[in-house]
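To keep things clear, I will list the structure first and then write my remarks on it.
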Amino acid sequence: MAKPFHLLEVFMQDPTLIETCIARRQQLASQLAPGIVIIPTGQEIIRNADTTYPFRFDSSFYYLTGFTEPDAVFVQIIGEQKTENILFCRPKDEEREIWDGFRFGPAAAANTFGFDAAYSLEELDSKMVELLKNQPRIYYPLAKEMRWDRQINRWLSSVRALVRTGITAPNTVVDIRSELDEMRLIKDRFEAGILRKAGSINAQAHIRAMQFTQPGQFEYQVEAEILHDYYRQGSRFPAYSSIVAGGANACVLHYGENNGQLRDGDLLLIDAGCEVQGYASDITRTFPVNGKFSGEQKAVYEITLAAQYAALEQCRAGSTWNAPHDAATRVLAQGMLDLGLLKGSLTEVLETESYRQFYMHRTGHWMGLDVHDVGAYKVGGQWRELKPGMVMTVEPGFYIRPAANVPKAFENIGIRIEDDVMITETGHENLTASCPKTVAEIEATMAAGH
């Protein structure tokens, strides 16, 4: 009889996954004072009627457990002498498995994922009251989900009701995200390998889109080619909803309809990313629908690309988070002056931020298990220093909406160029470098596909 497929088989192609998660749990415990850690994952959400959205686990929960099923809770009890790791998950249920697919159940989950104990989610309330007794503090994602805030409060009330029996209740609640976010910010070797794979898959999908695109197609048809290539290469899900924006739509930063028809002479901006074993890739490329940049399009594109190169030069250990943005903004602002879109000096444009008419967003964000990944951008009020293992996007843009100071030939040109980089000891590694981005590379890639 054929073995039922389970998503975990995709995630566990690298046998070091569980070992890595166990090591992370040990690291977390070593950084915390005695207490109890409580981290729930997500639940299935109804889309309509009795149909659910595709389930995606909570990233921090997965980071520590490797467990991909919904309706589970990770508990870590940190004592003075030892630490115990516990999982609560759905019970084994053969009838539900007929309808919904494989479940590990507590016994198999404990054995597979290296927990000291595992219990059915049905036991969560009674067990948690026992586990919370005499604990000095609780660590959990405070105020992330109101239903869990209420649940924690109910458990605390039950423990406090036992005070006359000599039981004490936790008197401190700490948001665990401050600790976990810093751990997740620095990627380990296991994560680096997955992120490289995601970047490679995504780059190939963007190349496929370039070679497929022609005037007359609809944006969603190009999107379908990208998704097809993700699935073909082994990425089961996109990391976020793709932006496939032709012509004026490219000037809408979070455009998502993807239903416009592509016109000869327009540019097409694609911001799309795949997810591999939970980790994201995030690439943006902009290219001409007909395969050839016009003079004005090329001028704006070259400025944007120069801005990205300037930002990439600042992506190195010892630099600060904001250095790439400052470098890109300076190049873009000068380009706006050179094209006659703005007046005055470069200093005036930067000081007044008049460049924001055409460039209104930041130049990047952290990336990892979440495409906009966790991690503070400032520490002690100062932009944080870049360190090896940090992964970030570098994505300057240039968006020219119709306005009184905009010549008609430049109207509705929207360009963004985005790559994913990992900070290294010697500089950075561009995880998406195989995706064409110079004018010559793009035109040659498109010509080869037509």
Seminar exercise, completed: Exactly one of T363, T438, T352 is open to solvent by less than 20 Å² (accessible area, probe 1.4 Å) and either modelled with pLDDT of 95 or more or in contact with a helix residue (DSSP H, G or I) (Cβ under 9 Å, 6 or more places away or on another chain) (or both), and that residue is T363
Problem set entry | Test for T329: is it open to solvent by less than 50 Å² (accessible area, probe 1.4 Å), of a type in the set (S, T, Y) and under 30 Å from G380 (Cα atoms) | yes
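Being of a type outside the set (A, V, I, L, M), assigned to a helix (DSSP H, G or I) and under 30 Å from K378 (Cα atoms) is the filter here; which residues of the stretch 148-185 pass it?
If we filter the stretch 148-185 for residues that are of a type outside the set (A, V, I, L, M), which is where we start, we get 148-151, 153-155, 157-158, 160, 164-166, 168, 170-172, 175, 177-179, 181-182, 184.
Narrowing the set further to residues that are assigned to a helix (DSSP H, G or I) leaves 148-151, 153-155, 157-158, 160, 164-165, 177-179, 181-182, 184.
Those that are of a type outside the set (A, V, I, L, M), assigned to a helix (DSSP H, G or I) and under 30 Å from K378 (Cα atoms): W148, D149, R177, S178, E179, D181, E182, R184.
Name the one entry in I45, I77, I36 that is farther than 22 Å from S126 by Cβ and in contact with a strand residue (DSSP E or B) (Cβ under 9 Å, 6 or more places away or on another chain). Give the steps one after another, and end with the answer.
Details: I77 fails: farther than 22 Å from S126 by Cβ; I36 fails: farther than 22 Å from S126 by Cβ.
I45 is the lone residue from the list that is farther than 22 Å from S126 by Cβ and in contact with a strand residue (DSSP E or B) (Cβ under 9 Å, 6 or more places away or on another chain).
Only one of these is crowded, with 19+ Cβ neighbours inside 10 Å, in contact with a Phe, Trp or Tyr (Cβ under 7 Å, 6 or more places away or on another chain), over 30 Å from I167 (Cα atoms) and of a type outside the set (S, T, Y): F104, F113. Name it.
Values: F104 fails: in contact with a Phe, Trp or Tyr (Cβ under 7 Å, 6 or more places away or on another chain).
The conditions single out F113.
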Exercise. Within the stretch 84-101, can you find the residues that are within 11 Å of E69 (Cβ to Cβ) and open to solvent by 80 Å² or more (accessible area, probe 1.4 Å)?
Worked result: D100
Exercise. Pick from H206, H228: which is within 28 Å of P54 (Cα to Cα), in contact with a helix residue (DSSP H, G or I) (Cβ under 9 Å, 6 or more places away or on another chain) and surrounded by 18 or more Cβ atoms within 10 Å (Cβ to Cβ)?
Worked result: H206
Seminar exercise, completed: Per the filter on the stretch 252-308, residues in contact with a Pro (Cβ under 7 Å, 6 or more places away or on another chain) and surrounded by fewer than 17 Cβ atoms within 10 Å (Cβ to Cβ) are R263, D264
Problem set entry | Enumeration of residues in the stretch 366-381 that are touching a residue at least 24 places away in the same chain (Cβ under 8 Å) and either open to solvent by 60 Å² or more (accessible area, probe 1.4 Å) or aromatic (F, W, Y) (or both) | W366, Y377, K378
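The values are calculated or read from the model by the stated rules, or taken from the named source; none is laboratory data. Predicted, not measured: the structure shown is a model, and the values here were computed from it. Neighbour counts run over all protein chains shown; Cβ positions are idealised from the backbone, glycine included. With ligands, DNA and RNA removed, areas are computed over all heavy atoms of the protein, side chains included. Shrake-Rupley method; radii C 1.70, N 1.55, O 1.52, S 1.80 Å.
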